[in-house]
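*Asks:* Supplied in structure tokens, the structure appears directly below.
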Amino acid sequence: MKRIFTLLSVLFVFYANAAFSKENIQVMVYSDTGPGGWIHKSIPKGIETVKSIGKTQGWDVDVHYSETSFNRHTLSQYDVVVFLNTTADVLNDDQQKAFEQYIQAGGGYVGTHSASDTEYDWPWYAKLVGGYFKTHPEGVHLAKVNMENTDHPAHIYVEETGIVMDEWYDFQANPRDSKNLTILMTIDESTYEGGGMGTDHPIAWAHEYDGGRAFYTGFGHLFQSDHPFLVKHLTGGIMWAAGAHKDEVSLFDGETLSGWNTVDDDMWRVENGMITGGSLEEVVPTNTFLITDGNYQNFELKFKVRLLGYEGFINSGFQVRSVPVPNSGEMSGYQVDAGDLWWGKIYDEARRNKVVGLSEDMYAVDTAVKRGEWNEYRIIAEGRRIRSWINGVAALDYLEEDESLPQDGHIGIQVHSGGKALVQVKDIRITPTANTPGLPIWAETGMPEG
């Protein structure tokens, strides 16, 4: 059990990123030109194209022209940010940091055309966009476009490509050389004059990067209305970057505790569409857990949660890769913590019984917590790494150094003993991802002893 460091009267709240779906995507279009950058005359057409897509799909599309929009509050309102023909240096250091945190919290990026001619002195952005502009033949040219990786979700609406008029960028390095990129389209340099990349000339690609998703297309110099597939191309790209492709599974039906179990039936119930544990009338006598029936190794977990309390030790946590301790109400395994002086920490519950990791910036984590409101929580477990975010702010990045410890198990919600405390959780969703070969699992290492 945790050592109790403080007995504060508090009211806590926290919650996780809203589930992405085709119907509720929030799109921020940003189109700015830095000092000395080329201003594309097609920008208004591009903006109208994205707005039209949004209207058709039922998305909300907002256009921002000022770099001051790149702050935590504004960015957190959007599922995806479109850099529409930006050029040169458009963000200062603080704005760059805010955008990095947005992507790290699961946000999406879409770059069109000269987004690759943007922020040359920002190494993080170089990896995000996937390739920097080098040069292009003078003028616009007709060229044949070919599709690759046709089963990628970004291709959901594009059935075929064809001959297209555009300004064809060469890139400083071949994007295919970056093993993390999925090439979506190439152009055939034999069909136009002046190309400088040879027989392999990628022009559109996508990848998951630093917790988020990035989609880039070299189309957009013209944004012509008769483009044979650009609208379909951008629609799929925006949807993919926003996370609409994910096979997300709900862990709570909003009415029952189906799929969950506990040894403390008197401590857990469903109230007003929320999983509710603990009590504000009586001190919680022992640690109590609500545990999923399912077992998970690698995943992305998102949920909304609030922790209420006014007397004693007000503390909660979320078990991952954990198992019940036999003949006990405890769980053994990693706990992503919640509570005063505990936000941003990970505790090894009933195993090493100590904090094994914490945020590099505890102040930023603490200020991210919206006390008195719901907050967003997101946890990603991948390999031996566990990361978390609170309201879009990176809270934890922990890498397990002990390679003998199991890296699978159940998910659990805890209410800690010693206080009049109530935890409420809703909108719990999990996206399981492929297991990592060779990681130890509880079934092989042996279960904890009761």
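All of the numbers you see were taken from the coordinates with simple rules; none came from a lab. Keep in mind that what you see is a predicted model, and the values were worked out from it rather than measured. Cβ coordinates were reconstructed from backbone atoms using ideal geometry, including for glycine residues, and neighbour counts include every protein chain displayed.
*Asks:* Cut-off under 15 Å on the C-alpha distance; same-chain residues fewer than 8 positions from LYS345 excluded. Which aspartates and glutamates are left, in chain and number order?
*Replies:* Partners found: ASP337, GLU360, ASP361, ASP366, ASP397, GLU400.
*Asks:* Given 0.36 nm per residue, what is the gain on full extension from ASP121 to SER328 after removing their alpha carbon distance, in nm?
*Replies:* Numbers: separation 207, 0.36 × 207 = 74.52 nm, distance 5.57 nm.
Gain on stretching ASP121 to SER328: 69.0 nm.
*Asks:* Run the numbers on the chain and let me know its relative contact order in percent, using alpha-carbon pairs under 8 Å that are six or more apart.
*Replies:* 20
*Asks:* Long-range amide H contacts for ILE25: which residues qualify at under 5 Å (H placed 1.01 Å from N, peptide plane, sequence gap of 5 or more or a different chain)?
*Replies:* For ILE25, whose amide H was placed from the backbone, the distant partners under 5 Å are ASP60.
*Asks:* Sticking with this structure for a sec: Taking 0.36 nm per residue of sequence separation and subtracting the Cα-Cα distance, how much length would be gained by fully extending the chain between SER404 and ASN92, in nm to one decimal? Let's see the in-between values first.
*Replies:* Numbers: separation 312, 0.36 × 312 = 112.32 nm, distance 4.40 nm.
Extending this stretch completely gives an extra 107.9 nm.
*Asks:* Most exposed first by the Cβ proxy, i.e. fewest other Cβ within 10 Å, how do MET165, MET185 rank?
*Replies:* Details: MET165 16, MET185 24.
By the 10 Å Cβ count, ascending: MET165, MET185.
*Asks:* Also, quick follow-up: Taking +1 at the Cβ of each Lys and Arg and -1 at the Cβ of each Asp and Glu, which of ASN174, ALA421, VAL63 sits farthest along the dipole of the chain towards its positive end, judged by Cα position relative to the Cα centre?
*Replies:* It is ALA421.
*Asks:* Place a +1 charge on the Cβ of each Lys and Arg in the chain and a -1 charge on the Cβ of each Asp and Glu, then give the dipole magnitude about the Cα centre in debye, rounded to the nearest 20.
*Replies:* On the way: 35 positive and 63 negative charges, 127 e Å.
Here the chain has a charge dipole of around 620 debye.
*Asks:* Considering Cα pairs under 8 angstrom that are at least six residues apart, work out the relative contact order of the stretch 26-241 and quote it in whole percent. All intermediate terms of the calculation are to be shown ahead of the outcome.
*Replies:* On the way: 464 pairs, mean separation 48.4, N = 216.
For the stretch 26-241, the relative contact order is 22 percent.
*Asks:* Zone of THR367 (label point 7 Å along Cα→Cβ, backbone N under 15 Å): which residues in the stretch 71-92?
*Replies:* Answer for this model: 71-74.
*Asks:* Kindly state, to the nearest 0.05, the FRET efficiency for LEU280 paired with ASP60, given R0 = 30 Å and r defined as their beta-carbon distance. Write out the running numbers ahead of the final one.
*Replies:* Details: r = 37 Å, r/R0 = 1.24.
The calculated FRET efficiency here is 0.20.
*Asks:* Given a 10 angstrom Cα cut-off, can you work out which residue in SER114, SER404, SER388 is the most mobile in a GNM of the chain?
*Replies:* SER404
*Asks:* Looking at the stretch 223-298, which GluC sites (Glu not before Pro) are DSSP coil and have at most 15 other C-beta atoms within 10 Å of their C-beta? Each step should come with its number before you reach the end.
*Replies:* Details: sites: GLU248, GLU255, GLU271, GLU281, GLU282; in loops: GLU248, GLU255, GLU281, GLU282.
Answer by residue number: GLU255, GLU281, GLU282.
*Asks:* Label VAL249 and TRP38 with points 7 Å out from Cα along Cα→Cβ: what is the distance between them in nm?
*Replies:* 4.8
*Asks:* On full extension of the chain, what length is gained from GLU148 through ASP266, given 0.36 nm per residue of separation minus the C-alpha to C-alpha distance? Don't jump to the answer; show the numbers that get you there.
*Replies:* Working: separation 118, 0.36 × 118 = 42.48 nm, distance 5.58 nm.
Full-extension gain reported as 36.9 nm.
*Asks:* For LYS55, list the aspartates and glutamates whose Cα falls under 18 Å from its own Cα; do not include residues on the same chain fewer than 8 positions away.
*Replies:* Here the aspartates and glutamates satisfying the reach criterion relative to LYS55 are GLU23, ASP79.
*Asks:* Moving to a separate point now. Each residue of the stretch 325-340 in turn: what ³J(HN,Hα) in whole Hz from Karplus with 6.51, -1.76, 1.60 and θ = phi - 60°, glycine and Pro shown as x?
*Replies:* For the stretch 325-340, the Karplus-derived couplings read 7, x, 6, 8, x, 7, 10, 10, x, 6, 10, 7, 7, 8, x, 4 Hz, x marking Gly and Pro.
*Asks:* Any of LYS302/LYS420; LYS127/LYS354; LYS51/LYS179; LYS97/LYS134; LYS127/LYS232 with alpha carbons more than 30 Å apart? Name them for me. Please list the in-between numbers first.
*Replies:* Numbers: LYS302/LYS420 26 Å; LYS127/LYS354 36 Å; LYS51/LYS179 33 Å; LYS97/LYS134 26 Å; LYS127/LYS232 25 Å.
Distance filter (> 30 Å) returns LYS127/LYS354; LYS51/LYS179.
*Asks:* What are the ³J(HN,Hα) values, in whole Hz, obtained from phi via the Karplus relation 6.51 cos²θ - 1.76 cosθ + 1.60 with θ = phi - 60°, for each residue of the stretch 159-168 in sequence order, with x given for Gly and Pro?
*Replies:* Karplus values, whole Hz, x for Gly and Pro: 8, 7, 10, x, 8, 9, 9, 6, 9, 9.
*Asks:* Right, here's the next one. Please give the helix 93-104 orientation as an angle from the longest Cα principal axis of the chain, in degrees from 0 to 90, rounded to the nearest 10.
*Replies:* So the inclination is approximately 70 degrees.
*Asks:* Here's something else I'd like to know. In a Gaussian network model over the chain where Cα atoms closer than 10 Å are linked, find which of GLU167, GLU119, GLU138 has the largest mean-square fluctuation.
*Replies:* Evaluated over the chain, the most mobile residue of the options is GLU138.
*Asks:* What nm distance separates the two modelled labels at THR445 and LEU257, each placed 7 Å from Cα along Cα→Cβ?
*Replies:* 2.8
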